[in-house]
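Here the structure is laid out as structure tokens; the discussion comes afterwards.
The values are calculated or read from the model by the stated rules, or taken from the named source; none is laboratory data. Bear in mind the structure is a predicted one, so any value in this text is a computation, not a measurement. Cβ placement follows ideal geometry from the backbone for every residue including glycine, while neighbour counts extend to all protein chains displayed. Each accessible area value is taken on the protein alone, full model and side chains, heavy atoms only, with ligands, DNA and RNA left out. Shrake-Rupley method; radii C 1.70, N 1.55, O 1.52, S 1.80 Å.
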Amino acid sequence: MRSSDFVLNQTDGIKWLSFPSLEVYPFLVHGFLIRSPNLSKDAQGKQAGNLLKKITSQERFLIYLTQTHQDECIIITPGDELKESYRGDAILTTRDDLFISVWVADCLPIFLVEKRRRVIGLVHAGWRGTLMGIARRTLKKAKHRIGSKPKDFTVLLGPCIQRCCYQVSDDVAILFDKECVNRDANDRFTLDLVCANMKQLVGCGVQEDKIFVVDMCTFCQYELFHSYRRDKDQSLRMIAFMGLR
Ligand SMILES: [Zn+2]
């Protein structure tokens, strides 16, 4: 596991992060829309579309997922008819005529890149999805449907609620590997989503030195991120996006 830097970009007033560990792939467009002032929920999707158009000079379909905290992975390959939205919590594609996205506010966004076959993927992993093995399932699908092996992937674990802040009940804590559960100052359990997903990725064959982690907490860093735990129903989402150039 390697720690990843980030770059804070601003395009037409929209703030977004990019990650140097993924910028080494010239065929890839990626980013993470963060908290922007005066942004409404309805405007968020539109802003993502505008931003992508601006930074790529291309107008393409931006695919959304109706995320349900389950383990369904969508795959879109050449020839598939496109819909704007799919039900699932992970998405893979080899197509260069669309952008993919997942929306998060504390859950872990996982970016996947496989250079040889030009495969990209995004995963939305909260505690339920992590427990169900959403990352593992996505990598399995990439192997079966595209032929990409886990060891061929570079993986970036984006900003999420970290072990400092992610309190969970005893019932949830007990479901996870002990190494990924800690106790906070008040002796309550906290879950380390990064640890749990790292173990899952390495367990299915991703090389440790190809996993990058962005060490930022969505709950602590309120000036940059939305947080569902912190802001409750008022919380907007961050948008992780990727595309092939
Ligand atoms: Zn924190």
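Miscellaneous remarks
- Residues in the range 216-229 that are open to solvent by 20 Å² or more (accessible area, probe 1.4 Å) and either of a type in the set (D, E, K, R) or touching a Lys or Arg at 6+ places or on another chain (Cβ under 7 Å) (or both) were compared, and the one that is nearest to the ligand (Cβ to nearest atom) is PHE219.
- Scanning the range 71-97 for residues that are part of a strand (DSSP E or B) and open to solvent by 40 Å² or more (accessible area, probe 1.4 Å) gives SER85, ARG87.
- In the range 1-48, the residue that is surrounded by the fewest Cβ atoms within 10 Å (Cβ to Cβ) out of those that are hydroxyl-bearing (Ser, Thr, Tyr) and out of contact with any strand residue (DSSP E or B) (no Cβ under 9 Å at 6 or more places or on another chain) is SER40.
- Among (1) open to solvent by 40 Å² or more (accessible area, probe 1.4 Å); (2) under 26 Å from LEU112 (Cβ atoms); (3) touching a Lys or Arg at 6+ places or on another chain (Cβ under 7 Å), the one test that ARG237 misses: (3)
- Qualifying residue in the range 230-242 (condition: under 14 Å from the mean Cα position of the chain (by Cα), within 15 Å of the ligand (Cβ to nearest atom) and not aliphatic (A, V, I, L, M)): no
- Any hit, the range 98-120, residues being under 22 Å from PHE225 (Cα atoms) and open to solvent by 70 Å² or more (accessible area, probe 1.4 Å): no
- Just one of the listed residues (VAL155, VAL206, VAL168) is surrounded by fewer than 22 Cβ atoms within 10 Å (Cβ to Cβ), among the aliphatic types (A, V, I, L, M) and in contact with a strand residue (DSSP E or B) (Cβ under 9 Å, 6 or more places away or on another chain), namely VAL168.
- Elements of the type strands (runs of 3 or more DSSP E) sitting completely within the range 100-215 and holding at least 1 residues that are more than 16 Å from the ligand (Cβ to nearest atom): these cover 108-114, 119-125, 153-157, 211-213.
- Only one of VAL155, VAL194, VAL202 that is of a type outside the set (Lys, Arg), touching a helix residue (DSSP H, G or I) at 6+ places or on another chain (Cβ under 9 Å), without any contact (Cβ under 8 Å) to a residue 24 or more places away in the chain and within 18 Å of SER21 (Cβ to Cβ): VAL202
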